[in-house]
1. Which residues' amide hydrogens lie under 5 Å from the amide hydrogen of residue B:280, considering only partners 5 or more residues apart or on another chain, with H built in the peptide plane?
2. Give the residue list of GluC sites (Glu not before Pro) in the stretch A:36-114 that are DSSP loop and have at most 15 other beta-carbon atoms within 10 angstrom.
3. With the full set of protein chains in place, find how many percent of the accessible area of the stretch A:11-231 is carbon and sulfur; take the probe as 1.4 Å.
4. Name the most mobile residue of B:386, B:22, B:287, meaning the one with the largest mean-square fluctuation, in a Gaussian network model of chain B with Cα contacts below 10 Å.
5. Would you pull out the residues with amide H under 5 Å of residue A:380's amide H, same chain only if 5 or more places away, H placed 1.01 Å from N?
6. Pulled fully out, how much extra length does the chain show between residue A:74 and residue A:201, if you take 0.36 nm times their separation in residues and subtract their Cα-Cα distance?
7. Specify the angular offset, from 0 to 90 degrees and rounded to the nearest 10, of the alpha carbon long axis of helix A:254-266 from the longest principal axis of the alpha carbons in chain A.
8. Using a 1.4 Å probe, how large is the accessible area of residue B:127, given in Å² and rounded to the nearest 10?
There are 2 protein chains.
Amino acid sequence: MSPPSAPKTPKAKTDSITAYMRERGEKARAAARVLARAETGTKNAALFALSKILIDEAAEIQAANAADLRDGRAAKLDDAMLDRLELNGDRIRAMAEGVREIANLPDPVGELCELKQRPSGIQVGRMRVPLGVVGIIYESRPNVTADAAALCLKSGNAAILRGGSEALRSNLAIARCIERALTDAGLPRDGVQVLDITDRRTVTEMVAMPEYVDVVIPRGGKGLVAAVAEAARVPVIKHLDGVCHVYIDADADLEKAVAIAVNAKTQRYGTCNTMETLLVDRAIAERVLPELGRIYGEAGVEIRGCAQTRRLIPEAIPATEEDWRTEYLAPVLAVRVVDGIDAAIEHIETYGSHHTDAIVTENYGKIRRFLREVDSSSVMVNASTRFADGYEYGLGAEIGISTDKFHARGPVGLEGLTTLKWVVLGDGHVR
Amino acid sequence: MSPPSAPKTPKAKTDSITAYMRERGEKARAAARVLARAETGTKNAALFALSKILIDEAAEIQAANAADLRDGRAAKLDDAMLDRLELNGDRIRAMAEGVREIANLPDPVGELCELKQRPSGIQVGRMRVPLGVVGIIYESRPNVTADAAALCLKSGNAAILRGGSEALRSNLAIARCIERALTDAGLPRDGVQVLDITDRRTVTEMVAMPEYVDVVIPRGGKGLVAAVAEAARVPVIKHLDGVCHVYIDADADLEKAVAIAVNAKTQRYGTCNTMETLLVDRAIAERVLPELGRIYGEAGVEIRGCAQTRRLIPEAIPATEEDWRTEYLAPVLAVRVVDGIDAAIEHIETYGSHHTDAIVTENYGKIRRFLREVDSSSVMVNASTRFADGYEYGLGAEIGISTDKFHARGPVGLEGLTTLKWVVLGDGHVR
């Protein structure tokens, strides 16, 4: 996260990171009050302005990004990281378009739902309101700066954004665009604050200020997420492993089963919703595994299987206990033949990560059981696990994917950045 | 919380409280899987059985309670605590009736909502599911044991209940009833575990086992709640101060204003939804404060007021800055004359605790602003703050009142013990 060539932080600032962060928190809290009551039109005006400014300032953003890339190469960042860091013209346009799409989403704030008449005479309902101040901690991708800022702004929250040191110049160039958009729309410039220092202590301070920060969302590798959760004194929306399963049941339609099992593994290898373990009902294994083995073989996917799998797919190597728990994020797949839905659910509950799991079957009773009994943030029937995504679910965009159960599970969109307060309407009513 | 005469804990157990708590956690996690998929009828059968067993075993419960009371008196517990500890016949019947009412509430689990067709062809919706394992930490009232067990069971959660040492025998007598009800209904006896040791470390261990406990709800004094929040590594639904306001606006109906201001303060003094500060618009102060002063005086309520208040209520003593932040829980009221709704909202946001705040006015624009801009878990119009309560809101019962924003705000009922997971229905769909 902190390559040695990162831009130097002025000494005076690092001497008092606590003071620096508390000042950011205080400003964010004040801005949050204004944003919470901002009109939808005003928030959208700021977002449309931001979308335009990002395009207008593309050259400046690219210049800042070029400096980050140059330092990154000198620091020998790996190719994948440099790729994530890069902002070319296409990516800047995509970033601007993403902000515009968020402007076009319905405003969740102020929605009043379930207003019910109570026997006492009062009416009781709930109003959707912002969480307040959202802290986002992320790594190399600078487009997260615009994306997270837009989602927080639309949902009426103030944001404190702490990106990776390798992307600092790019993030600050985008931050200047955000600041202009906010002030152009008459909103507080502190509504979105991008930290201009990236000392690791900014993270530990941010997650320990419950008086200023209502929730922290770490977007990055497991190490970052676990470290944030460990130190946190504020709620965290955290995304840990995605050990996703597809279970092909005896009553599966073979064609659908093959299509889903292939897509769930091979459409993209590095995503959290990619299948990592395929479970196949013993009753159908002979009819489905040889064909799948051939297709995976052609795609270059290594199979690690149980004994029965290895009889049906000769190229498969033996799976160890560890394989059932592993998120490969690579062209490797664990395959296990199981005795029906009970064994499948037992396997998923024992080894899975409660992220996304799918059943392929035409059997109503088994669908009902799988949906109810598999305790994952997404449970699917006859669909590829790759659909577990904020855009596919219709959230418009996602700020993260929660693998926790509290508050929100699975893809978290604008609604996940809000909460419900109670509204009571009376006419002089007393108890 | 731990009077010296509390029943002694066997030494072998306290030597390994960590092991004791982890064993409870493991059992709870296993029971939670069974409860999550239990049929509504089965859960209700257990609750109806419990309601009946509590009545059948009333004599045994009262005998255990008599022993707790005797020790409590010997330990010189104060009268209020002894009163909370006591379980007489009426209270046992009320406890049994409460359990029956929870059985009659709709089952929140399994509800499938908002199933929408997506452009990709899949259908996406959300299913309400239990949180998993709920830890409840409470003090003297033994009826919480039955109440919390019933709410957790109905919502498909396993529960670990840790009551106060002064109520240990009473709690364990109720626990035996719960265990019988669970096993009679064919549900796992570990579905509700009442800790039989009350060492303080059971609390610190419970809140530090995220692998076994999904949420902790401390029900008790500020000290307990703050200590739990400080040590917690799991989510906490916490209830801190209730510094509630009523704001009487210039456009208030005088009769309603007086009724609400009197009821909000004097109906009960010791509850968290009791008004602690009355704000009065300067334009109406002369017409409303003298009458209120007279009524409060008759009720024995001490007034601490600003200069203008003291001119209109001669008996009032001067309010200090500290008064605006104080939850008296007593016949004491802070009163401040303010310049209109802006000053009222500013006061509430500066000094309030975001619990429950009410406006009295007939003015539509001001109602709209107050509802939107006051960032409290309950905001009310022309109604007494005393309505902020799970029963009054129609939740049936409440497991706690959240003063946090994350997950749930205000009274938390069965729904607050659940979360939503995503359900995807396809027919062979791939990306």
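The values are calculated or read from the model by the stated rules, or taken from the named source; none is laboratory data. No experiment lies behind these values; they were computed from the predicted model shown. Note: ideal-geometry Cβ built from the backbone for every residue, glycine included; neighbour counts use all protein chains shown. We work out accessible area using only protein heavy atoms, side chains counted, and drop any ligands, DNA or RNA first. Shrake-Rupley method; radii C 1.70, N 1.55, O 1.52, S 1.80 Å.
1. Excluding prolines and chain starts, which carry no amide H, the hits are B:248, B:336, B:337, B:338.
2. Here the GluC sites (Glu not before Pro) that fit, given the DSSP loop and packing criteria, are A:39, A:111.
3. Percent of accessible area from carbon and sulfur atoms in the stretch A:11-231: 49.
4. B:287
5. A:357, A:358, A:359, B:424
6. Result for the pair: 43.2 nm of gain on full extension.
7. Tilt of helix A:254-266: around 50 degrees.
8. It works out to around 10 Å².
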